[in-house]
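Read the structure below first, then the notes.
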Amino acid sequence: METQYDHLIARLRAAAEPERAAPAVLTGYLEKVRLHAYKVTDRDIDDLRAAGFGEEEIFQHTVSAAVAAGLERLDAGLGTLS
């Protein structure tokens, strides 16, 4: 199904593609962001900092996972309309 926002969605898809794969140690955290973002706590972030990740790296991976999850939900919603 085409929408008036397809050009913006395409830009989001391109921007959400990570420049490199996330380190394996982030897998659990990113899965939580993707499936249950409301369950992410300060402790999750503190644990990532303690594992050696900086604020910028945590932020970039978090936003990438959240945008990808949003796009998956958009695709599912549009798929039910067509």
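The values are calculated or read from the model by the stated rules, or taken from the named source; none is laboratory data. Here the structure is a predicted model, which means the values were calculated and not measured. SASA here: full protein model, heavy atoms, side chains in, ligands and nucleic acids out. Shrake-Rupley method; radii C 1.70, N 1.55, O 1.52, S 1.80 Å.
Rounded to the nearest percent, how much of the accessible area of the chain (1.4 Å probe, protein heavy atoms only) is carbon and sulfur?
Values: 3460 of 5970 Å².
Using a 1.4 Å probe with all protein chains present, the chain comes out at 58 percent carbon and sulfur.
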(message) What percent of all Cα-Cα pairs in the chain falls into each 10 Å bin, going from 0 up to the bin containing the maximum distance?
(response) 16, 45, 26, 11, 2
(request) Kindly report the accessible area of segment 1-74 per residue (heavy atoms of protein chains, probe 1.4 Å, no ligands, DNA or RNA), in Å². (result) 73 Å²
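Using only alpha carbon pairs under 8 Å that are at least six residues apart, calculate the relative contact order of the chain and give it in whole percent. Walk me through the numbers on the way to the answer.
Working: 38 pairs, mean separation 37.4, N = 82.
Here the relative contact order equals 46 percent.
Given the -39500 (n - 2.57) contribution per DSSP H run of 4+ residues, what per-residue ellipticity at 222 nm results for the chain, rounded to the nearest 500 deg cm²/dmol?
Values: 4 runs with 57 residues, N = 82.
Here the helix-only value at 222 nm equals -22500 deg cm²/dmol.
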(message) Can you give me the angle between helix 27-36 and the longest principal axis of the chain, using Cα atoms only, in degrees from 0 to 90, rounded to the nearest 10?
(response) 50 degrees
